[in-house]
Amino acid sequence: MIGKKNVVFGFLYLVLTAALGPLMVVNMVPDIDIALEKKQGVVGEIQQIEMDEFERDLEPLTAEDIAKTNTVGLLSLNNVYNAEAPKNMMKAGPHAHGNLEALLNIVVGVALCFIAVSTMFKQVISWLFILGTVLHSGVLYLLVVFEQSWVLTIAPAGPVLLLLGLFAAGIAAAMGFRGELVKDN
């Protein structure tokens with residue numbers, strides 16, 4: 001069965017991309033927690049100053065003191081944003097796309113088992129999805145996880161191959177979808 005390789009690839013790739021979840025928690029959340037803790041201390045101080053009508057120890061604060069405190073608060077907010085950025089890039093890139101493309105390969109692999117078209121056409125569809133996945137979310141792995149910016153030169157190939165695979169699978173399904181398993185020659 002031609003779709004078997006997509007199903008096997010899909011499950012193995014899903015394990016790889018799903019494993020990014022715990023990696024993000026273990027490696028990235030502590031930095032975010034530290035930044036959030038620092039931010040809360042600074043923002044709490046700003047809130048207290050506001051509640052005390054911009055006084056500290058019953059003395060009015062100068063505009064300069066207020067501005068300095070606000071600056072520290074803004075910088076602490078920026079530190080939280082910077083701490084969350086790698087996790088957000090990981091979630092939006094290889095983690096989400098990899099999971100989706102792994103599941104897409106599983107679905108296409110199963111669908112190919114019910115489509116009666118030429119073996120060559122089915123092989124092309126099968127390989128379009130595998131190569132498209134590797135060249136899309138696989139490239140995102142290299143870019144986001146391993147910081148290899150050179151992969152941006154090949155990045156457009158993945159989505160194009162996936163779209164071609166979807167188009168070809170649609171044509172194949174229109175031509176030869178059966179309600180039962182099809183034996184490939």
*Report whether or not residue 84 is under 30 Å from residue 3 (Cα atoms), within 22 Å of the chain's Cα centre (by Cα) and of a type in the set (Asp, Glu).*
no
*How many of the residues in the range 161-185 are among the aliphatic types (A, V, I, L, M), surrounded by fewer than 15 Cβ atoms within 10 Å (Cβ to Cβ), within 18 Å of residue 6 (Cβ to Cβ) and in contact with a helix residue (DSSP H, G or I) (Cβ under 9 Å, 6 or more places away or on another chain)?*
2
*With the condition kept exactly as written, say whether any residue in the range 96-110 is hydrophobic (A, V, I, L, M, F, W, C) and modelled with pLDDT under 90.*
yes
_The conditions are (1) touching a residue at least 60 places away in the same chain (Cβ under 8 Å); (2) under 17 Å from residue 15 (Cα atoms); (3) not charged (D, E, K, R), and residue 123 fails exactly one of them. Which is it?_
(2)
*Consider residue 41 against the criteria (1) surrounded by 14 or more Cβ atoms within 10 Å (Cβ to Cβ); (2) among the small types (Gly, Ala, Ser); (3) over 30 Å from residue 165 (Cβ atoms): it satisfies all of them except one. Which criterion is unmet?*
(1)
*Can you find a residue in the range 33-45 that is hydrophobic (A, V, I, L, M, F, W, C) and without any contact (Cβ under 8 Å) to a residue 24 or more places away in the chain?*
no
*Output the helices (runs of 4 or more DSSP H) that fall wholly within the range 51-151 and possess 2 or more residues being surrounded by fewer than 18 Cβ atoms within 10 Å (Cβ to Cβ), at positive phi and out of contact with any helix residue (DSSP H, G or I) (no Cβ under 7 Å at 6 or more places or on another chain), or say none.*
none
*Could you list, in sequence order, all residues of the range 1-38 that are of a type outside the set (A, V, I, L, M, F, W, C), part of a helix (DSSP H, G or I) and surrounded by 14 or more Cβ atoms within 10 Å (Cβ to Cβ)?*
4, 5, 6, 10, 13, 17, 31, 38
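The values are calculated or read from the model by the stated rules, or taken from the named source; none is laboratory data. Keep in mind the model is a prediction, meaning the values are calculated, not measured. Because the Cβ atoms are built from the backbone with ideal geometry, glycine has one as well, and the counts that use them run over all protein chains shown.
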